[in-house]
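The values are calculated or read from the model by the stated rules, or taken from the named source; none is laboratory data. In this text, all values refer to a predicted model and were calculated from it rather than measured experimentally. For neighbour counting, all protein chains shown are included, and Cβ atoms are generated from backbone atoms with ideal geometry for every residue, glycine included. The accessibility values were calculated without ligands, DNA or RNA, using every heavy atom of the protein model including side chains. Shrake-Rupley method; radii C 1.70, N 1.55, O 1.52, S 1.80 Å.
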Amino acid sequence: MKNFECAPFVHLHVHSAYSLLEGADTEEALVRAAARRGMPALALTDTNALHGAVPFYRAARAAKVKPILGAEITEGGGPPHPPRQVRSLAVLLARDMEGYTNLCRVITARQLENDFSLPEALGQHGGGLFVLSGRREAAESLLPVVPDGSLFVELVHRGGGEGAREVRLLAEWAKSRGLPVVAANDVHFADPPGHRTHRILTAVRTLRTVGTLPPEWTAHPGAWLQPPARMAHLFRGLPEALENAVRIAEACNVELEMGRVRFPCFGLPEGETPFSVLWKAASEGLQRLYRPLTRSVVDRLQHELRVIDLLGFAPYFLVVWDIARYAAREGIPMVGRGSAANSLVCYALGITSVDPMRYGLYFERFLNPERTDCPDIDLDFPWNRREQILQYVYQRYGNENVAMIATFVRFRGRSIVREVGKALGVPVEVINRLARKIPHFTDISELETARRTLPECRNLPLEEEPYRTIIREGMRIEGFPRHLSVHCGGIVVSPRPITDRIPLQRAAGGLVITQMDMYPVEDLGLVKIDLLGQRALAVVSDTLEAVERHYGEQVDFRAVRAEEDPAALELVKKGETIGCFYVESPGMRNLLRRLGVSSFEMLTAASSIIRPGVSDSGMMKTFIERHCGREPVRYLHPLMEDILGETFGVMIYQEDVIKVAHRVAGMSLGEADSLRRCMSKKRNWEAMGKHREQFIQGAVARGVEPAVAGEIWRQ
């Protein structure tokens, strides 16, 4: 070990921003720092959590740094409280998938049990874990339950003579107990300047100001991702501690299985498969809905079922169908919305109520062979009966297999100004002078642009103190997780206990939620279903009950066809839609009156052109002018008239993108949907460039002039 300066070193105790209000850097920033310093591996050990495990795992793999998944476990039940240093019990590191599963279970116990005991938890779930403890009493209590060779005494050198003395005394005690030692550093930030950000975050967490924080409440200034040479120097008298850090890293080999969907167990009749049950249920539904049953409808159903079977998604449809059937049995109004309305299978199963054949909706907008991620079906229920639906799902699929999904509330413009300002001791009235002028959903990094482009932001005092300091410090935590909350509708349903892959914890209201938000949940292959509560449906439900109570008449919610009721259409035409979900805003009601909307098709168009993408591009104005006859309808190419005839030559639907890319440029429906998805979410400009090249080349090959192809692409 004399030349350890030239050998790799591994940090086994690292907190990221996902260690809420403790880590002062993102997991990506920590991984980049480790890669720059030549570290072959890095362990993420957030406090009682695996919040950032999946993003960290992906970032580390991309940077060719070996990811080690772990967590720091603290005393007691519930969330950690300051001072955090004296409450740490141990760092747990997963050796393999058994260890990862046990790590999830220990963290869940720590979060949910008021009488949590780490020795008891490890006695039940200690397999596949390394345990690192820097506290003598904690290490003593763990000796009887941790397998031989898995318990290490963690040595954290805080620098200086006092730090060296602490390390030496702890190492001597470890030797007397026959325990191996390991060199570590309680890392909270990638580089030394991050210490100030860590102090600000700690002040936010503890409702203090930076100037009044006791030193023991924060990490020491040396808690940064120090390079191997520096760690070798600090532990030059304990080469075995350095060697053990590398050996532990080499022994940790967790391989997360990403992308393979694990569907809930539906409970099949003997001799049946998920697909056979789905095929029968959809076929029966089709016979009820279409009389006579035409060849085109049957062909469409068979096409959709083939795609669903090819992708292996039949179990998912059965679970959603099961929930829809329960709602129907209980008389709970339900609406399936989103791109699921493009599916004839969903319509046949009663999940949606829109006939995709009647309205020419493309199934590929919902699902196609080139889209391998699980489809997304949103189900709306009356807000006052959603709890009944949730309870059914828990009982049907098992409490241990179902949980609400978390979402991270993140630091953004106004919240950054308020939180950082308070942490720095700025008076509230001074903070409010800036915070109230920042538009909602505007990030700190966008303030200069907002000042140049928005009249209400022209006088933002960005260069004045204390605002300049607040903004400078706030830029470092923009987008950081502030706290965990509950997703508005997402629920995860697993075939096995969720804690096999994801730890659980309680949200502020006591609800048990996943420690990861929807994206890592889906990455790990767990199925997410959106069960949303809607007040408008509660009004409908109350109305149906009132009709039955006063008139003795039962009205079937699913049989109501408001789009065929002249009186209902007249109200829409007048813009009298207050209380109607999605079409009740002042802008929407004004648009309904301007267009004189008198059909379901035109109502659908109106609800689409008012969206930011269409309205901001000027195409909403074009649509209105053409609809009202004040502007002639023009088509860039004859094919466009057939595709966009009903929308006056304007692309207003996401389906229009698919149709144009398919018909004009010859892209497959799967490729066309890939283009649509690339446009509709946060844009991937590299992918957009590839799609553009494919579109232009395809259109020109089909006889479209290059200039015309370019203009179609622009639109």
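A few remarks follow.
- Among the residues of the stretch 397-421, those that are among the charged types (D, E, K, R) and in contact with a Phe, Trp or Tyr (Cβ under 8 Å, 6 or more places away or on another chain) comprise 410, 412, 419.
- Residue in the stretch 78-91 that is modelled with pLDDT of 95 or more and either open to solvent by 10 Å² or more (accessible area, probe 1.4 Å) or under 20 Å from residue 154 (Cα atoms) (or both) present: yes
- Near pairs, Cβ below 8 angstrom, 6+ apart or cross-chain, from the stretch 225-254 (more than 14 Å from residue 37 (Cβ to Cβ) and among the aromatic types (Phe, Trp, Tyr)) to any residue that is modelled with pLDDT of 95 or more and outside any helix (DSSP H, G or I): 235/155; 235/183
- Unmet criterion (only one of (1) surrounded by fewer than 13 Cβ atoms within 10 Å (Cβ to Cβ); (2) in contact (Cβ under 8 Å) with a residue 40 or more places away in the chain; (3) polar (S, T, N, Q)) for residue 554: (2)
- If the condition is being over 35 Å from the mean Cα position of the chain (by Cα), more than 23 Å from residue 339 (Cβ to Cβ) and either open to solvent by less than 70 Å² (accessible area, probe 1.4 Å) or small (Gly, Ala, Ser) (or both), then the stretch 259-314 contributes 271, 294.
- Among the residues making up the stretch 398-431, those that are open to solvent by less than 60 Å² (accessible area, probe 1.4 Å), assigned to a helix (DSSP H, G or I) and in contact with a helix residue (DSSP H, G or I) (Cβ under 8 Å, 6 or more places away or on another chain) are 401, 413, 416, 417, 419, 420, 421, 423, 430, 431.
- Residue within the stretch 620-628 that is open to solvent by less than 60 Å² (accessible area, probe 1.4 Å), of a type in the set (Lys, Arg) and more than 31 Å from the chain's Cα centre (by Cα) present: yes
- Residue within the stretch 665-675 that is at pLDDT 85 or above and surrounded by fewer than 20 Cβ atoms within 10 Å (Cβ to Cβ) present: yes
- Members of the stretch 585-598 that are open to solvent by less than 40 Å² (accessible area, probe 1.4 Å) and outside any helix (DSSP H, G or I): 596, 597
- Some residue of the stretch 565-577 being open to solvent by less than 50 Å² (accessible area, probe 1.4 Å), within 30 Å of residue 600 (Cα to Cα), modelled with pLDDT of 90 or more and acidic (Asp, Glu): no
- Looking across the stretch 574-591, just one residue is in contact with a Leu (Cβ under 7 Å, 6 or more places away or on another chain) and more than 18 Å from residue 539 (Cα to Cα), and that is 575.
- Lone qualifier among 205, 158 - being farther than 30 Å from residue 500 by Cβ, open to solvent by 10 Å² or more (accessible area, probe 1.4 Å), in contact with a His (Cβ under 7 Å, 6 or more places away or on another chain) and in contact (Cβ under 8 Å) with a residue 60 or more places away in the chain: 158
- Test: residue in the stretch 452-463 that is at pLDDT below 90, among the β-branched types (Val, Ile, Thr) and buried (at least 19 other Cβ atoms within 10 Å of the Cβ): no
- Selection count, the stretch 648-678, where residues are assigned to a helix (DSSP H, G or I) and under 13 Å from residue 608 (Cβ atoms): 4
- If the condition is being farther than 22 Å from residue 669 by Cβ and modelled with pLDDT of 95 or more, then the stretch 330-349 contributes only 349.
- Residue in the stretch 434-443 that is open to solvent by less than 80 Å² (accessible area, probe 1.4 Å), touching a helix residue (DSSP H, G or I) at 6+ places or on another chain (Cβ under 9 Å), assigned to a helix (DSSP H, G or I) and within 30 Å of residue 503 (Cα to Cα) present: no
- Within the stretch 6-60, restricting attention to residues that are assigned to a strand (DSSP E or B) and either within 20 Å of the chain's Cα centre (by Cα) or not hydrophobic (A, V, I, L, M, F, W, C) (or both), the residue that is surrounded by the fewest Cβ atoms within 10 Å (Cβ to Cβ) is 47.
- Some residue of the stretch 632-647 being part of a helix (DSSP H, G or I) and basic (Lys, Arg): no
- Out of 365, 371, 337, sole residue that is of a type in the set (Lys, Arg) and open to solvent by 50 Å² or more (accessible area, probe 1.4 Å): 337
Residues checked against (1) acidic (Asp, Glu); (2) touching a Pro at 6+ places or on another chain (Cβ under 9 Å):
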{"site": "349", "(1), (2)": "no, no"}
{"site": "361", "(1), (2)": "no, no"}
{"site": "367", "(1), (2)": "no, yes"}
{"site": "373", "(1), (2)": "yes, no"}
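- Exactly one residue out of 491, 502, 477, 470 is assigned to a helix (DSSP H, G or I) and among the aliphatic types (A, V, I, L, M): that is 470.
- Where residue 606 falls short, out of the listed (1) open to solvent by less than 30 Å² (accessible area, probe 1.4 Å); (2) under 30 Å from residue 288 (Cβ atoms): (2)
- Put simply, of 355, 380 the only residue that is part of a loop (DSSP other than H, G, I, E, B), closer than 30 Å to residue 541 by Cβ and either open to solvent by 10 Å² or more (accessible area, probe 1.4 Å) or touching a residue at least 60 places away in the same chain (Cβ under 8 Å) (or both) is 355.
- Going through (1) under 25 Å from residue 19 (Cβ atoms); (2) open to solvent by 20 Å² or more (accessible area, probe 1.4 Å); (3) in contact with a Phe, Trp or Tyr (Cβ under 7 Å, 6 or more places away or on another chain) one by one, residue 495 falls short only on (1).
- Any chance residue 328 is crowded, with 19+ Cβ neighbours inside 10 Å and among the aliphatic types (A, V, I, L, M): no
- Residues being out of contact with any helix residue (DSSP H, G or I) (no Cβ under 6 Å at 6 or more places or on another chain) and either open to solvent by 40 Å² or more (accessible area, probe 1.4 Å) or assigned to a loop (DSSP other than H, G, I, E, B) (or both) - total across the stretch 122-135: 5
- Only one entry of 463, 456 meets the criterion of being assigned to a loop (DSSP other than H, G, I, E, B) and among the acidic types (Asp, Glu), and that entry is 463.
- So residue 522, is it outside any loop (DSSP other than H, G, I, E, B), closer than 21 Å to residue 97 by Cα and open to solvent by 40 Å² or more (accessible area, probe 1.4 Å): yes
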